[in-house]
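Here's the structure we're looking at; comments come further down.
Each reported figure results from applying straightforward, stated rules to the coordinates on display, with no laboratory input. Since the structure is predicted, the reported quantities are computational estimates derived from the model, not experimental observations. Here Cβ is always computed from backbone atoms with ideal geometry, including for glycine, and neighbour counts include all displayed protein chains.
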Amino acid sequence: MTERLAETTRRIGNVHQLGTVVTAMRGISVSRVQQAHGLLRGVRAHAEVIARAIGQALSLVPGNHNPAVTHSSRNGTIVFTAEQGFAGAFSDRMLEAVGQGGGAGQRDVFLIGTRGYALAHERGLQPWWHAAMVPHANLVPGLASRAADALYAWLAEQSGHRVDVIVPTWSASTGVVAERRSLLPFDFHRFAVTPSGQAPLTTLPPPVLLSRLAEEYIFAELCEAALTAFAAENEARVATMLSAKGSLDNMLSDLQALERQIRQEEITAEVVELAGSAGGSVR
C-alpha cells in the first residue's frame, strides 16, 4: 500500500508540472495574439493610405485599368497552416480548404507553416513553395516580402493568373475557419476614384505609378493575412490549452481523492493492527 501511495503522489506531482507548462504556453499564446492584433491596426491603416493613393492615381489615367483576365492552366493558392503543435485541427481545416477553391486547371500551392507542411506531405500534396511561419508578429513583413518574391517569380512563368489567399480566422463559437480571399488579378474597381482640384505631383508615369501602388497594396494584404493567421493559430492554441487545463484539473482532483482514500486505508490498517496487538498482549 505504501508503494501505491508513493506512485499516486508521484503522479500528482507530474500533473502539477504539466499544469505549469500548459499555463505558460497559454500565457505565451495570449501575448502573441495581443501583439498580432495591435500590429493589424497599423497594417490596415497602411493599406487605407495606399488605397487612397490608388484612388488619386486612377483619376490620372482614363479608361479601364483592370487587366484582361485570361484563363490560365495553373492557378495559385497561398495557404497558412500551423507552425507549432497543440493547435487542434488548425492545419487540417486549412489544407481541406485548398481543394475547395474550384476553377479549372492545376493549382500551385504556396504553403506557410511547418506543421502544415509535414501534414501536406502525408496527404500527397507537394507545395510549389513553402516557408515557416515567423515566431514573432513583428517579423511578419519579412515573411510577406519573401512570399511576394516567390509569387512574382511564379507569375513570370504563367500566361494568365488567378491567385487566392486562404486565411485562417478564429472565433470562440466556430473555432478556426478558412476564409478565401482573391489576391490576383488585381481589381482596381474596388477603389473609389478620388479626383482633386489639383492633380497630385508625381515623378512616375501614371500607369507605372498604379503598378507600383498595386504591388504595395498586395504586400499590405499579405501582411494582414499573415498577421491574421498568426493570431488565429495562437488563439486556437489558447483554446487547446484551456481544454487541457480542464482535463488536468479533473485528473488532479481524481488523484487527490485517490490519495486521500489510500491514506485513510493505511490509517485504518494501522489501527486494526494496533488493536490486534493490544488484544494479544492482554491475553
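Considering segment 258-278, the residues that are loosely packed, with under 11 Cβ neighbours inside 10 Å and aliphatic (A, V, I, L, M) include one that is farthest from L5 (Cα to Cα), namely A278. Condition check: crowded, with 16+ Cβ neighbours inside 10 Å and either touching a Lys or Arg at 6+ places or on another chain (Cβ under 8 Å) or not in a loop (DSSP other than H, G, I, E, B) (or both). Does L204 satisfy that? No: the conditions fail for L204. Exactly one residue among R190, R212, R181 is surrounded by fewer than 19 Cβ atoms within 10 Å (Cβ to Cβ) and within 30 Å of S29 (Cα to Cα), and that residue is R181. N138 satisfies every condition listed in (1) under 18 Å from the mean Cα position of the chain (by Cα); (2) outside any helix (DSSP H, G or I) except (2).
The requirement of being of a type in the set (F, W, Y) and over 19 Å from the mean Cα position of the chain (by Cα) is fulfilled somewhere in segment 175-188, by at least one residue. In the set L242, L255, L248, only one residue is of a type outside the set (S, T, Y), closer than 30 Å to L5 by Cβ and in contact with a Lys or Arg (Cβ under 9 Å, 6 or more places away or on another chain); that residue is L255. The set of residues in segment 235-257 that are among the hydroxyl-bearing types (S, T, Y) and either surrounded by fewer than 16 Cβ atoms within 10 Å (Cβ to Cβ) or not in a helix (DSSP H, G or I) (or both) comprises S243, S247, S253.
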